[in-house]
Amino acid sequence: MKALTFSTFGDSAVLEYIEIPNPQLKNDEILVEMKAIGLNFADVYRRKGNYHLKGNPPFIAGYEGSGIVVDANNHPEYKIGDRVAFADVPFANAELVAVNVNHVLPLPENISFETAASVLLQGLTAHYLATDSHKTAKGETVLIHAVAGGVGQILTQISKLFGATVIGLTSSAEKAKIGFEQGADHVFLYNDDWKSQVFGIAPKGVDVVYDSIGSTLMESFEATKECGQVVFFGMAGGDPAPINPRMLMDGSKTLTGGDLWSYLNSKEERIKRASQLFTWIADGKIKLSEPTSFKLSEGKLAHDYLESRKSTGKIILIP
């Protein structure tokens, strides 16, 4: 099979599209012929050597994708030709992937391979943020950092679905437009006095802030009301400053950490969460931007485009 690989760490020039042996299935795996693969910043971090990475050189990145079963490996619940997807299976940047049966997500006929590869990691992240990290309730006001990003766009739509008022933060007027298109009620720019603008909407502060920037964590607390919550789930802007527990006590505020892998902890949880996401999409309650597609053999171009920060929707790779 062909795969997008790298044997040394570095910029996109280290990527090689080469022929490697087909996966050797273990007892608890099935073989999936990939139809679409999601590209994420974590894959860039792996290529650079500063994120967890499985296997040996030539390394294969990628954890998210969709395809059809080509070898059910004596697992009676699957048959050749079944449409499936996954969000947390390594070595996805290849024509064939060995998928642990506990990580297989049945793919409904009304969800395309491209949609599944576009939505799972970011959509499941948005899902746990709004249903577990904070249980969003009707009438609440939520503040979402990086509202035009992949998670931000879906989190905005889920928050609106639950009846919340959404305030988004982003870096440019172009990205603010994307936030409004997703249903945000207000979008403010980081370069402006956004905290004052937030208090103009929510005088006592917001109920919850979703912070994926990290370096903004203290500002997020300043924008949160008494008894409010900050959910910290990313560090796109760098490490946050240390938090003084006294500040939490004085304002009765809560800091919650969030990581998707804590919630994708069983076959049942994976299927339940993905099914909810697929249902919302099929019912038109969540709308996704068209992904930008590259051939898997054009992986270098795809990585360059992702790192250019010019993309607003999802980038997918097609074998």
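The values are calculated or read from the model by the stated rules, or taken from the named source; none is laboratory data. None of these values were measured; they are calculated from a predicted model. When we count neighbours, we look across all protein chains shown, and the Cβ atoms used for this are built from the backbone with ideal geometry, even at glycine. Quick note on the areas: whole protein, heavy atoms, side chains included, nothing else; ligands and nucleic acids left out. Shrake-Rupley method; radii C 1.70, N 1.55, O 1.52, S 1.80 Å.
In this structure, does Val69 turn out to be within 23 Å of Lys48 (Cβ to Cβ) and either modelled with pLDDT under 95 or assigned to a strand (DSSP E or B) (or both)? Judged against the criteria, Val69 is not a match.
Among the residues making up the range 216-230, those that are out of contact with any helix residue (DSSP H, G or I) (no Cβ under 9 Å at 6 or more places or on another chain), free of Cβ contacts under 8 Å to residues at least 60 places away in the same chain and more than 14 Å from Phe199 (Cβ to Cβ) are Leu217, Cys227. On the stretch given as the range 98-113, residues that are crowded, with 18+ Cβ neighbours inside 10 Å and small (Gly, Ala, Ser) total 1. Identification of helices (runs of 4 or more DSSP H) wholly contained in the range 171-287 with 3 or more residues that are at pLDDT 95 or above, under 30 Å from Glu29 (Cβ atoms) and open to solvent by less than 50 Å² (accessible area, probe 1.4 Å) yields 267-282. Restricting the search to the range 43-97, which residues are under 23 Å from Ser112 (Cβ atoms), open to solvent by 10 Å² or more (accessible area, probe 1.4 Å) and under 23 Å from the mean Cα position of the chain (by Cα)? Matches in the range 43-97: Tyr63, Ile68, Arg83, Asp88, Phe91, Glu95, Leu96.
One residue alone among Asp250, Asp259, Asp304 is of a type in the set (D, E, K, R) and without any contact (Cβ under 8 Å) to a residue 12 or more places away in the chain, and that residue is Asp250. Look at the range 10-22: where a residue is within 12 Å of Ile60 (Cα to Cα) and a partner is of a type in the set (Gly, Ala, Ser), sitting 6+ places away or on another chain with Cβ atoms under 6 Å, you get Leu15/Gly299; Tyr17/Ser297; Ile20/Ala3.
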